[in-house]
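Notes for the one structure printed next.
The values are calculated or read from the model by the stated rules, or taken from the named source; none is laboratory data. Here the structure is a predicted model, which means the values were calculated and not measured. Every residue, glycine among them, receives a Cβ derived from its backbone with ideal geometry; neighbour counts consider all protein chains shown.
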């Protein structure tokens, strides 16, 4: 009836006369709901040219009121939205987060015009029929990982992405801040990380096998005040930010700025620059005390920028760390012998365990990609299961918390169609329907282990996404399908109504249009969205599920 995305748990209504906000409509905000009140006034007030003046608490029965209240009896992120004819709207949430998600539903009910920044036409809000919606999320972790290291995302575009996550009831922003191709966060005690590590001379254009180069220097970074602004903006939208500093692999940008961090007894690290192409880089961090102290300093500043109440998890990467330099390095081999370790996998585990203990002592939790399972997982660590289901299953069965984000299902840098017009096609075809049918909890997982699945996220790696328009194209509309996977509870295992979802998407495309999102149309890329002649990396056949 309402074409809501993600689909609510229950929506009842007779379709009869309901409520039309107008110039006399007020917002009555109960205790703890002031943030949602401000958001409603800023968004709906701007979209329809309405003042939405504060109502009088205790006068909820007055006509024309949007009433916000908290009822702890509801689940924390759950809400109940009631539209009462001739009177108004009541949104009750189990917490302010629940009230806020209810406000997102109200915005959808008011039509695509509610997603604009100023009135169009007469600017009148459409009426909402009498209805009652009860809703709440399936998972507590509903996220998107944005890689800003390969191609830098300006601060304003990050804030815009946070708005888009909120509009889809997603509540985790995984912020991939460092990699071989760039270091994106200011660390005051180590200024060369951004003076040197945030910039590269040129960039591979397309897949790494492409012969094309963009010779324009590329880079950028967020100042510490930029980060504080991003974190505060996310918190106002009930989005947790999970910062990632990728160690001990994917670290050439850091080594180029401070060569002593690398394996100097194997390679001339002073000759390294920020990497300008893609793939798995052999230049990893040296397992020395100096490296540990250096990154403790990095994390000390990071913890100040990402407070525990909004960022309880700190991501340390831990993926794709080639061990060749450690095998050749007398320093690394001496450390293996000193610690009594079996091999280089256990050396990486020692490195990760060190920061697990360090973060735990400071009230945080370490999370890493599923390679941190190799050589023994750190106690208390959580796992982002990206290589398939197997790592997540192993971690969950061992009692570790897991975020499911398998590349075969939810890597949004992967192409959306097999046609020749897809821009810089990468990986397997993952259509809108493929994403919609993704199931984060693997079949056969024990009930106890399933309880360790915190939730799920999509990953957006930006090697072939040079700007906001390319990110929009790859992310949308598939993010809408993912949002429903993460939020909406299934009637029964495997029961997803894609035909019904497509019908609701007809309305949702109009919302995305109003928001200015450059999504991939259902009929295929528009002429200016194509990138003819730029080599990608198509992989034929269905992706293996592991």
Segment 260-304, residues that are farther than 24 Å from residue 353 by Cβ and in a helix (DSSP H, G or I)
269, 270, 271
Hey, residue 39 hits all of (1) under 21 Å from residue 169 (Cα atoms); (2) over 25 Å from the mean Cα position of the chain (by Cα) but one; which does it fall short on?
(2)
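Rundown of residues vs (1) farther than 18 Å from residue 238 by Cα; (2) without any contact (Cβ under 8 Å) to a residue 40 or more places away in the chain; (3) in contact with a strand residue (DSSP E or B) (Cβ under 8 Å, 6 or more places away or on another chain), yes/no style:
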| position | (1), (2), (3) |
| --- | --- |
| 23 | yes, yes, no |
| 34 | no, yes, no |
| 48 | yes, no, no |
| 71 | no, yes, yes |
| 75 | no, no, no |
| 99 | no, no, yes |
In segment 415-433, the residues that are within 22 Å of residue 486 (Cβ to Cβ) and surrounded by fewer than 19 Cβ atoms within 10 Å (Cβ to Cβ):
427, 431, 433
In segment 519-546, what count of residues is obtained for those that are at pLDDT 95 or above, surrounded by fewer than 17 Cβ atoms within 10 Å (Cβ to Cβ) and under 23 Å from the mean Cα position of the chain (by Cα)?
1
Residues of segment 20-29 being surrounded by fewer than 19 Cβ atoms within 10 Å (Cβ to Cβ) and touching a helix residue (DSSP H, G or I) at 6+ places or on another chain (Cβ under 9 Å), in sequence order, are 22
Residue among 111, 102 that alone is surrounded by 22 or more Cβ atoms within 10 Å (Cβ to Cβ) and not assigned by TED's automatic domain parsing to the domain that holds residue 236
102
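Conditions (1) farther than 16 Å from residue 4 by Cβ; (2) over 23 Å from the mean Cα position of the chain (by Cα); (3) touching a residue at least 12 places away in the same chain (Cβ under 8 Å); (4) part of a helix (DSSP H, G or I), marked per residue:
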| position | (1), (2), (3), (4) |
| --- | --- |
| 489 | no, no, yes, no |
| 494 | yes, yes, yes, no |
| 501 | no, no, yes, yes |
| 508 | no, no, yes, yes |
| 511 | no, no, yes, yes |
| 517 | yes, no, yes, no |
What residue, among those in segment 519-540 that are assigned to a loop (DSSP other than H, G, I, E, B) and touching a strand residue (DSSP E or B) at 6+ places or on another chain (Cβ under 7 Å), is nearest to residue 422 (Cα to Cα)?
536
Do you know which residues across segment 396-425 are touching a helix residue (DSSP H, G or I) at 6+ places or on another chain (Cβ under 6 Å) and either under 26 Å from residue 343 (Cα atoms) or in a strand (DSSP E or B) (or both)?
396, 397, 402, 404
Say we look at segment 321-347 and pick out the residues that are touching a helix residue (DSSP H, G or I) at 6+ places or on another chain (Cβ under 7 Å) and under 17 Å from residue 267 (Cβ atoms); which of these is surrounded by the fewest Cβ atoms within 10 Å (Cβ to Cβ)?
327
Do any strands (runs of 3 or more DSSP E) entirely within segment 49-163 hold 1 or more residues that are at pLDDT 95 or above and closer than 30 Å to residue 253 by Cα, and if so, which?
141-147
Identify, please: which residue in segment 371-393 is in a loop (DSSP other than H, G, I, E, B) and under 20 Å from the mean Cα position of the chain (by Cα) and is, among those, surrounded by the fewest Cβ atoms within 10 Å (Cβ to Cβ)?
387
Does residue 313 satisfy the condition of being closer than 28 Å to residue 226 by Cα, crowded, with 22+ Cβ neighbours inside 10 Å and either assigned by TED's automatic domain parsing to the domain that holds residue 152 or without any contact (Cβ under 8 Å) to a residue 40 or more places away in the chain (or both)?
yes
Considering every residue within segment 455-471, establish whether at least one is at pLDDT 95 or above, over 22 Å from residue 159 (Cα atoms), not in a loop (DSSP other than H, G, I, E, B) and not assigned by TED's automatic domain parsing to the domain that holds residue 114.
yes
Per the filter on segment 166-183, residues outside any strand (DSSP E or B) and in contact with a helix residue (DSSP H, G or I) (Cβ under 8 Å, 6 or more places away or on another chain) are 166, 167, 168, 169, 170, 171, 180, 181
